[in-house]
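One structure is given here, and the rest of the page talks about it.
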Amino acid sequence: MKAVVVHDGTLEVTEVPLPVPGPGQVRLRVSRTGICGSDLHVRHDAEASADVAAEVGYPHFMRRSHRVVMGHEFAGTVDEYGPGCRRRWRTGQLVVSLPLIMHGDDVHMTGMSEYAPGAYAEYVLVSEDATMPVPAGVEPGPAALTEPLAVAHHAVRRGDVTRNDTAVVIGCGPIGLAVILMLKAAGVRRVVASDFTEGRRELARRCGADVVVDPAAQSPWSAIAGDPGLVTSATDLYGAGITALRDLQKVPGVPWWTVMRTAQRFGAGPRGAVVFECVGLPGVIEDIVTHAPFRSRIVVVGVCMQPDTFRPTMASNKEVDLRFSFCYDPVEFREALHMVARRRIDPRPLLTGVVGLHGVAGAFDELAKADHHAKILVDPSV
């Protein structure tokens with residue numbers, strides 16, 4: 001079959017053996033595959049990711065010297081079952097799969113390892129247990145976005161966001177846009193999005209952002225400065241407590257400490273925003289910690305490949321929560337798929353291009369420019 005192989009930073013369409021499904025595996029004929037930002041990173045700088053993966057217990061992550069078929073965001077039709085499968089879906093049925101495949105007792109990352117070729121190809125192997133049918137009415141393009149939407153769904157859940165929170169999305173690339181979709185699906189009333197690129201700001205509007213700013217002209221923090229309840233200075237934080245204490249002590253017979261604690265349980269008192277860092281460049285975390293309101297929850301979704309620093313004393317003084325988000329669980333993956341099927345989210349604004357296998361290298365170059373594109377899909381039949 002034809003596949004796009006990366007080796008030493010070069011993407012090349014070549015012939016590779018047709019994969020044969022092993023025990024518990026299913027071969028899919030690839031319908032669509034999304035090009036992910038992590039693919040852009042590891043094409044040239046796989047070593048940093050491989051070193052971290054090895055440190056956390058996965059020593060088989062791709063390296064620059066390896067020959068790897070990438071592609072971990074995909075939808076495809078059932079083509080052939082391996083031994084021991086339950087054969088749950090008919091041949092030709094559209095499905096998606098978590099990009100993890102079992103080889104015996106070992107699990108491998110599809111599209112990120114020599115041991116698990118991905119879906120920049122005509123066919124890809126998946127584990128039957130990790131595969132899910134695509135509901136009727138969902139086309140292959142939106143179905144292929146299940147994986148990045150699941151990443152965003154997990155990030156929003158990591159932020160413990162409520163409808164009344166002010167949410168700020170820094171960076172409107174594919175994941176930032178997916179986070180906006182998920183925030184609006186969760187009913188968040190006020191979502192502020194920030195990006196330097198006009199094309200991506202327009203996509204943020206189409207995804208449902210309530211306020212969109214160009215940080216070169218307006219700070220996203222100024223856009224939320226008037227939101228009630230947000231605390232932006234130490235005097236406001238301390239003053240709120242003293243004012244509440246003074247007012248409650250004027251009421252005879254009322255234990256002010258009990259009233260304050262009860263009010264806090266119902267969400268009263270100073271609060272911050274929920275901020276999603278979707279850029280992944282050095283310095284962004286420090287900038288957010290410095291400028292976000294007090295007691296903000298900061299969810300780091302962007303993957304920064306270089307060492308970075310921030311000032312812990314600033315984070316401590318402002319009592320911010322710094323949380324990191326990376327992947328998702330199987331339930332979140334299924335929920336993302338069914339949000340699309342039930343039209344709770346419309347991911348079509350993310351789809352900004354389709355190429356065949358021979359167009360993958362050019363698509364990588366286009367996406368690296370970070371201008372008007374969000375998600376380019378690969379259609380192996382083109």
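Tally Lys and Arg at +1 and Asp and Glu at -1 over the other residues with C-beta under 10 Å from the C-beta of ASP160: what net charge comes out?
So the surrounding residues net to +2.
At 7 Å along the Cα-to-beta-carbon direction for both ARG261 and ASP308, put a label point, then send me their distance in nm to one decimal.
Label at ARG261, label at ASP308, 3.8 nm between them.
For the chain, with every protein chain kept in place, what is the accessible area per residue (1.4 Å probe, Å²)?
46 Å²
First measure r as the distance between the Cβ atoms of HIS41 and HIS372, then evaluate 1/(1 + (r/R0)^6) with R0 = 25 Å and state the FRET efficiency to the nearest 0.05.
For HIS41 and HIS372, the calculated efficiency is 0.75.
So how do 113-124, 182-193, 4-15 stack up, highest first, on mean other-Cβ count within 10 Å?
Result, highest mean first: 113-124, 182-193, 4-15.
Could you work out [θ]222 nm for the chain from helices alone, using -39500 (n - 2.57) per DSSP H run of at least four and dividing by all its residues? Round to the nearest 500 deg cm²/dmol.
-9500 deg cm²/dmol
Measuring from label point to label point, each 7 Å out along Cα→Cβ, what is the SER316 to ASP106 span in nm?
Inter-label distance under the simple model: 4.5 nm.
Checking the cross-link filter: which lysines have an alpha carbon closer than 16 Å to that of LYS250, excluding same-chain neighbours under 8 positions apart?
The reachable lysines, counting only those whose Cα sits under 16 Å from LYS250, number zero.
Enter the Cα centre distance for the pair the range 53-87 and the range 198-276, rounded to the nearest angstrom.
44 Å
Among ALA315, ALA223, ALA268, which one moves the most in a GNM of the chain with springs linking Cα atoms closer than 10 Å?
Top of the fluctuation ranking is ALA268.
Once the Cβ-Cβ distance between SER219 and GLU286 is put in as r, and R0 is 22 Å, what FRET efficiency do you end up with, to the nearest 0.05?
0.90
Where both residues lie in the chain, what percent of DSSP beta bridges are antiparallel, nearest 5?
60 percent
Counting only protein heavy atoms and using a 1.4 Å probe, what share of the accessible area of the range 49-165 belongs to carbon plus sulfur, as a whole percent?
It is 48 percent, rounded to a whole number.
Find the eigenvalues of the gyration tensor of the Cα atoms of the chain, then list the square roots of 5 times those eigenvalues as equivalent ellipsoid semi-axes, largest first, in whole angstrom.
43, 22, 19
Can you give the angle from 0 to 90° between the axis of helix 146-158 and the longest principal axis of the chain, with both taken from C-alpha atoms, to the nearest 10?
Once rounded, one gets 20 degrees.
The values are calculated or read from the model by the stated rules, or taken from the named source; none is laboratory data. Note that the structure is a prediction, hence the values are computed from the model and not measured. Using ideal geometry, Cβ is built from the backbone for each residue, glycine included, and neighbour counts are taken over all protein chains shown. To get the accessible areas, we keep the full protein, side chains included, count just its heavy atoms, and leave off ligands, DNA and RNA. Shrake-Rupley method; radii C 1.70, N 1.55, O 1.52, S 1.80 Å.
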